[in-house]
Amino acid sequence: MHTNIIALLPDHVANQIAAGEVVQRPASVVKELLENAIDAGATHIKLIIKDAGKALIQVIDNGKGMNPFDARMSFERHATSKISSADDLFTLTTKGFRGEALASIAAVAQVELKTKQENDVVGQHIIIEGSKFIEQTECQTATGTSFTVKNLFFNIPARRNFLKNDQVEQKHIIDELERVAIPHTNIHFILQSNGNEILNLPAGNLLHRIKSLLGNYIQKELAPIAENTDFVKVSGFVSLPDAAIKTKKEQYFFVNNRFIKNPFLNHAVYEAYKELIGYQSHPRYFLFLELDPKHIDINIHPTKTEIKFTDDRMVYMLLVSAIKRALGKANAAPSIDFDVEQSLDFNSASNNRIVTAPTISYDKNYNPFHSIENKTNLQKTNKQHWENLFDGFKSSNGNDLNSTKEQTVIEQKNIEQQVFQTLKKEALEFSVFQLNLKYLITTFNNNVLVIDQQRAHERIMYEFYLNTKAETKIASQQLLFAEQLEFSANDFNLITNLMAEFKLLGFDIEPFGKNSMVVNGTPADLQDFNIAQTIDSILETYKLNTIDAKLEKHDNLCRAIAKNTCIKYGKVLETDEMKQLVGHLFNCENPMYTANGKVIIMETNYTDIDKFFKR
Ligand code: ADP
Ligand code: MG
């Protein structure tokens with residue numbers, strides 16, 4: 001007797017499973033709905049969210065709308081108006097084409113659609129919940145389409161619980177909106193969240209759009225790019241080298257107006273800036289590549305942010321030369337030899353063949369990723385300053401015990417202190433060496449310790465700043481030339497709010513007219529840093545920290561300063577510096593983890609090593 005055990009999944013189950021691929025979080029819904037609105041030719045798109053999209057996501061567009069049949073069809077899986085045969089995939093110009101977004105969204109939320117075409121008198125109103133069709137009626141509505149998505153994952157509590165807090169989810173939504181809004185500057189976008197208008201981006205050109213996202217100041221920090229070959233057209237804006245920042249923000253690639261991620265092309269950008277910006281500095285870029293869709297394969301990832309070119313080495317080289325040339329024109333890179341780039345004839349590749357480089361030779365097997373990991377620091381080591389960094393630490397450590405604390409606590413601390421002192425002394429006697437400019441290797445108690453140099457120093461700096469009290473305020477060293485900094489309105493509010501904390505930590509900062517501050521002094525050890533960039537990235541980290549965790553101001557600021565002023569990977573450390581670093585690490589309250597909980601030390605047991613060799 002044989003029992004059949006295979007059965008087709010019911011549609012709603014299949015839809016729910018497939019939805020997992022398309023809809024990970026509210027931002028994925030936003031992306032799909034915005035793209036549909038753009039594909040429908042809208043010139044005005046309003047996005048309304050409540051509770052970071054968890055309660056409500058609504059997209060209202062003035063596009064071409066749908067007729068009663070299409071309105072119902074649009075929710076079917078593989079229902080699309082955008083392609084009709086597999087060949088069409090190679091000539092795609094729309095955002096969507098898989099016809100799965102609406103089916104997927106309707107499988108995991110309560111969805112309402114109102115839509116009307118220009119020549120129709122009444123529109124269509126459809127309600128679908130968890131793939132279940134509820135009703136379709138006629139309604140009064142403006143020409144265009146409005147999708148309302150309520151209670152995402154209402155029928156999959158596990159997925160709903162998996163969502164992050166509102167700040168994080170809203171940040172994802174804003175990211176998606178920006179990725180769509182930057183290339184479509186002819187469309188007016190509005191974002192409203194919990195009743196407040198958060199973004200209002202009127203139609204205009206690319207520079208208008210970038211300015212309305214980042215502030216007018218950005219204009220003087222950007223160089224325009226325009227490069228045309230038969231194979232690919234490159235346009236957009238990149239940071240002037242002096243305007244490079246310490247965090248990776250605003251790095252956008254758009255291929256045929258679609259946002260994509262591509263580490264290979266990202267590397268090309270950094271290659272173009274090589275020697276123009278410091279180690280750990282990052283350019284902003286808004287780069288648009290246009291090429292014949294037949295040279296692209298977008299369909300390698302369901303959410304379509306990854307992309308493959310038929311000849312990515314050529315795109316790489318073209319990008320490097322386009323950026324160098326743009327920076328050169330902006331007079332930012334007078335020392336670069338442009339002749340080499342100019343002699344490369346990119347147009348010769350238009351006949352679909354691999355480019356042959358007639359005038360310069362390049363290594364075809366060159367892999368730009370090989371050298372990333374162990375790239376050495378461009379900054380020279382400055383031992384003197386590095387050591388000074390700890391002067392305050394040494395003297396303040398140990399005598400900051402609160403006298404009101406109970407005796408036993410003090411005793412306990414003293415014992416710990418002694419232990420740490422011994423550890424520190426031993427560590428100083430050990431030999432330490434550096435691995436790959438990233439790890440410090442040493443031994444302790446017959447165990448091998450691998451210490452992450454950046455995290456270790458971040459911990460040390462963090463505790464150094466954290467232990468600062470009003471009485472042990474960090475001395476500020478006056479700058480030779482006070483520096484004036486300009487901020488966005490938001491950052492200005494933030495820094496004003498943090499002024500007292502900054503002062504405590506040795507930053508002598510005061511307001512100086514509208515949205516600007518003047519820095520008169522910094523902690524002595526930061527004199528070598530680029531003040532503007534450092535403060536900018538400190539604020540950035542501070543803001544990120546407020547998203548991820550609830551921290552008090554002082555703690556948060558200490559974390560942010562430590563993170564942005566600590567020794568980085570890639571820094572060559574002298575033997576003495578390594579020993580001091582290890583010593584100071586063992587002097588920390590918690591040498592094992594960074595403030596954000598990342599592991600600092602890996603310890604390999606002697607017996608484990610022994611076991612290994614018994615095999
Ligand atoms: P795809 O975009 O891949 O075609 P979707 O599931 O996102 O698949 O949408 C299915 C179809 O519904 C689209 O092909 C389009 O014809 C129609 N549609 C979706 N959103 C809109 C809209 N805002 N305005 C007009 N038509 C739309
Ligand atoms: Mg779509």
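Any read-out appearing in this document is the output of simple, stated calculations on the displayed coordinates, not a laboratory observation. In this text the structure is predicted, and so the values were computed from the model without any measurement. Positions of Cβ are backbone-derived with ideal geometry, glycine not excepted, and every protein chain shown enters the neighbour counts.
Selection among Phe237, Pro224, Leu201 by position relative to the dipole of the range 192-244 gives Leu201 as farthest towards the positive end (Cβ unit charges, Cα centre). Just so you know, the Rg over Rh for the range 528-591 is 1.04, from Cα atoms, with Rh as the Kirkwood radius. Loop-resident GluC sites (Glu not before Pro) (DSSP state other than H, G, I, E or B) in the range 207-293 with no more than 14 further Cβ atoms inside 10 Å of their Cβ: Glu275. By other beta-carbon atoms within 10 Å, ranking Ile156, Ile126 with the fewest at the front produces Ile156, Ile126. When only Cα pairs below 8 angstrom with a gap of at least 6 residues are kept, the range 11-204 shows a relative contact order of 27 percent. Go through the range 555-564 residue by residue and turn each phi into a ³J(HN,Hα) via Karplus (6.51, -1.76, 1.60, θ = phi - 60°); whole Hz please, and just put x for glycine and proline. My calculation for the range 555-564 gives 4, 4, 5, 4, 4, 5, 5, 4, 4, 8 Hz in order.
Overall, the anisotropy analysis places the range 461-570 in the rounded class: the square-rooted eigenvalues a ≥ b ≥ c of its C-alpha gyration tensor yield a/c less than 1.5. Cβ-Cβ distance of Asn497 and Ala55, R₀ of 30 Å, FRET efficiency by 1/(1 + (r/R0)^6): the value works out to about 0.50. This ranking places Phe512, Phe502 by how few other beta-carbon atoms lie within 10 Å of each, fewest first, which gives Phe512, Phe502. Taking other C-beta atoms within 10 Å as the exposure proxy, His267, His184 rank His267, His184 from fewest upward. Taking θ as phi - 60° and the Karplus parameters 6.51, -1.76 and 1.60, the scalar couplings of the range 168-174 work out to 5, 5, 5, 4, 4, 5, 4 Hz in sequence order, x denoting glycine and proline.
Spin-label model, Lys543 to Lys150: label points 7 Å out along the Cα-to-beta-carbon direction sit 3.4 nm apart.
Say the cut-off is 32 Å between C-alpha atoms; which of Lys64/Lys233; Lys308/Lys571; Lys543/Lys568 go over it?
Lys308/Lys571
Considering all projection directions equally, how large on average is the shadow of the alpha-carbon convex hull of the range 214-329, in square nanometres? It would help to have the intermediate numbers written out before the result.
Numbers: hull surface 29.2 nm².
Across all orientations, the range 214-329 yields a mean hull projection of 7.3 nm².
Note on Asp11 and Thr94: with the Förster distance fixed at 35 Å, the Cβ-Cβ geometry gives a FRET efficiency of about 0.85.
Do the alpha carbons of any pairs in Lys50/Lys294; Lys473/Lys550; Lys248/Lys469; Lys54/Lys503; Lys31/Lys438 sit beyond 29 Å of each other, and which pairs?
Details: Lys50/Lys294 40 Å; Lys473/Lys550 24 Å; Lys248/Lys469 33 Å; Lys54/Lys503 40 Å; Lys31/Lys438 38 Å.
The answer is Lys50/Lys294; Lys248/Lys469; Lys54/Lys503; Lys31/Lys438.
Please state the shape class of the range 1-53: rounded when a/c is under 1.5, otherwise prolate if a/b exceeds b/c and oblate if not, all from the C-alpha gyration tensor. It comes out prolate by the Cα gyration axes.
I need the trypsin sites (Lys or Arg not before Pro) found in the range 222-280, filtered to DSSP loop residues with at most 16 other beta carbons within 10 Å of theirs.
Values: sites: Lys233, Lys246, Lys248, Lys249, Arg258, Lys261, Lys274; in loops: Lys246, Lys248, Lys249, Lys261, Lys274.
Of the trypsin sites (Lys or Arg not before Pro), the ones in loops of the range 222-280 whose Cβ has at most 16 other Cβ atoms within 10 Å are Lys248, Lys249, Lys261, Lys274.
Taken along the Cα-to-beta-carbon direction at a fixed 7 Å, the label points for Asp175 and Glu589 span 3.2 nm.
Subtracting the Cα-Cα distance of Leu206 and His78 from their residue separation scaled by 0.36 nm leaves 42.7 nm. When restricted to Cα atoms, the range 11-204 yields an Rg and a Dmax of 15.8, 45 Å, respectively. Each of Val122 and Asn165 was given a label point 7 Å from its Cα along the Cα-to-Cβ line. The distance between the two points is 4.8 nm.
As a calculated quantity, the FRET efficiency between Asp528 and Lys611 at R0 = 60 Å, using C-beta atoms, amounts to about 0.80. The alpha-carbon atoms of the range 112-269, seen along their principal axes, cover 58, 44, 35 angstrom, with the largest extent given first.
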